[in-house]
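A.B. asks: Can you keep this structure in mind? I'll have questions shortly.
The values are calculated or read from the model by the stated rules, or taken from the named source; none is laboratory data. Computed from a predicted structure; not experimentally measured. Please note: Cβ atoms are built from the backbone with ideal geometry, for glycine as well, and neighbour counts cover all protein chains shown.
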């Protein structure tokens, strides 16, 4: 609903003449006054949208039991994985060739039911440039940059989860500039770095983080083609190659003594390739992480992930996804295979997904993830199996 429309509705309450009849002149005058208060006289053709997301999910986890029976070998149940309300829009300033886009999205915690800020930003777009500031997904891993409503599997891959920004919903706070033409896109962001979402400036361990992402697109389709991973039958060939990095510096209680904060720096690098053809698609990404802090040993991680998907009918798609990563000795290795199906009832708006996950290695505490339904295995056990099914409604 635009600013003028809201002003008219608000004005209706005060625009009644004698006997309760609407006084058209009074209503119009009141609407104009209220629109002026809202600043509509500064804008041209404002746009306002409101919507949301509901994801109802069922998980079933099967683990090997050890002699001490230290874990529950079967866990299952429903959860509201994501419940979000989103508002966005844009307006043009007078005598300007650009527009001012903005977005506000909140999410409801699936465990407590409390709401928290997910995205909150505003910016300015003109020509090939976009500038924005606030809280949003930073320009790092490709899978995280694709909306969770448009990803291939029920949940983001374990590798992407480990190498993406770990703030609320994978978000962080800062300012960003992007240049994009028909073939190239380059984005740079200065912000709070890893773990920077919904944090006050003195509470986030990263004092400053610098992101940069470069992408090269091949094919005649526009950039909207790569807002998801799927590729419908009849689509032409398209290729996207990307690389990104993050440098974060700050202070943290690295040794956990609770007394002194040690200086640290963290480097994350990623490279990815996305290919979309006639009814099929493929994606692969590699990631590295190095973290160094005083008083503790350096931490290094490496991971790769990828998937292949193909339509077997106009609305049904089969896919398989593989993830592998390794970290410190205590973390061990993670190797998972996913196979699943997507039924696009109304595109991504109404969609049913189901997949099965198999872990070839022990799921240690470092790789356990409730959001992916991967639970910590009993010591020395492996072969964990997870069944996931999800109904999605975007409105």
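A.B. asks: Only residues that are within 19 Å of residue 149 (Cβ to Cβ) and touching a residue at least 40 places away in the same chain (Cβ under 8 Å): list them for region 90-109, please.
C.D. replies: Selection gives 107 alone.
A.B. asks: What tally of residues in region 191-220 results from selecting those that are surrounded by fewer than 17 Cβ atoms within 10 Å (Cβ to Cβ), within 25 Å of residue 152 (Cβ to Cβ) and modelled with pLDDT under 90?
C.D. replies: Residues flagged as surrounded by fewer than 17 Cβ atoms within 10 Å (Cβ to Cβ), within 25 Å of residue 152 (Cβ to Cβ) and modelled with pLDDT under 90 within region 191-220 amount to 1.
A.B. asks: Something else: Conditions first: (1) touching a strand residue (DSSP E or B) at 6+ places or on another chain (Cβ under 8 Å); (2) closer than 20 Å to residue 227 by Cα. Residue 146 passes all but one, so which condition is the exception?
C.D. replies: (1)
A.B. asks: Does region 381-395 hold any residues that are more than 25 Å from the chain's Cα centre (by Cα) and part of a loop (DSSP other than H, G, I, E, B), and which are they? Let's see the steps before the verdict.
C.D. replies: Looking only at region 381-395, we keep the residues that are more than 25 Å from the chain's Cα centre (by Cα), and these are 381-385.
Those that are more than 25 Å from the chain's Cα centre (by Cα) and part of a loop (DSSP other than H, G, I, E, B): 381, 382, 383, 384.
A.B. asks: Continuing with this model, one more query. When the residues of region 112-122 are filtered to those that are crowded, with 18+ Cβ neighbours inside 10 Å and touching a residue at least 24 places away in the same chain (Cβ under 8 Å), which remaining residue is farthest from residue 354 (Cα to Cα)?
C.D. replies: 119
A.B. asks: Restricting to region 339-363, count the residues that are farther than 16 Å from residue 319 by Cβ, touching a residue at least 12 places away in the same chain (Cβ under 8 Å) and surrounded by fewer than 17 Cβ atoms within 10 Å (Cβ to Cβ).
C.D. replies: Quick first cut of region 339-363, residues farther than 16 Å from residue 319 by Cβ only: 345-347, 349-350, 359-363.
Pick out the ones that are also touching a residue at least 12 places away in the same chain (Cβ under 8 Å) and you get 345, 349-350, 359-363.
Among the residues that remain, those that are also surrounded by fewer than 17 Cβ atoms within 10 Å (Cβ to Cβ) are: 345, 349-350, 360.
Number satisfying all stated conditions: 4.
A.B. asks: Using the structure shown, decide if residue 146 is surrounded by 15 or more Cβ atoms within 10 Å (Cβ to Cβ) and modelled with pLDDT of 95 or more.
C.D. replies: Numbers: surrounded by 15 or more Cβ atoms within 10 Å (Cβ to Cβ): yes; modelled with pLDDT of 95 or more: yes.
Answer is yes for this residue.
A.B. asks: Suppose we keep only residues that are part of a strand (DSSP E or B) and over 21 Å from residue 395 (Cβ atoms) within region 88-122. Which one would you say is modelled with the lowest pLDDT?
C.D. replies: Within region 88-122, the first condition is being part of a strand (DSSP E or B), and the residues that meet it are 88-93, 99-108, 115-122.
With over 21 Å from residue 395 (Cβ atoms) added as a condition, the list becomes 91-93, 99-100, 121-122.
Working: 91: 91, 92: 90, 93: 83, 99: 94, 100: 95, 121: 98, 122: 97.
Applying the filter and picking the extreme gives 93.
A.B. asks: Just to be sure, is residue 125 in contact (Cβ under 8 Å) with a residue 24 or more places away in the chain, in the same structural domain as residue 308 (by TED's automatic domain parsing) and either touching a helix residue (DSSP H, G or I) at 6+ places or on another chain (Cβ under 9 Å) or outside any loop (DSSP other than H, G, I, E, B) (or both)? So that I can check it myself, show each step before the final result.
C.D. replies: On the way: in contact (Cβ under 8 Å) with a residue 24 or more places away in the chain: yes; in the same structural domain as residue 308 (by TED's automatic domain parsing): yes; either touching a helix residue (DSSP H, G or I) at 6+ places or on another chain (Cβ under 9 Å) or outside any loop (DSSP other than H, G, I, E, B) (or both): yes.
Yes, satisfied.
A.B. asks: Would you call residue 262 in contact (Cβ under 8 Å) with a residue 24 or more places away in the chain, surrounded by fewer than 18 Cβ atoms within 10 Å (Cβ to Cβ) and more than 23 Å from the chain's Cα centre (by Cα)? Reasoning before the result, please.
C.D. replies: Numbers: in contact (Cβ under 8 Å) with a residue 24 or more places away in the chain: yes; surrounded by fewer than 18 Cβ atoms within 10 Å (Cβ to Cβ): yes; more than 23 Å from the chain's Cα centre (by Cα): yes.
Yes, satisfied.
A.B. asks: Which residues, taken from region 376-387, are surrounded by fewer than 18 Cβ atoms within 10 Å (Cβ to Cβ) and under 12 Å from residue 74 (Cβ atoms)?
C.D. replies: 385, 387
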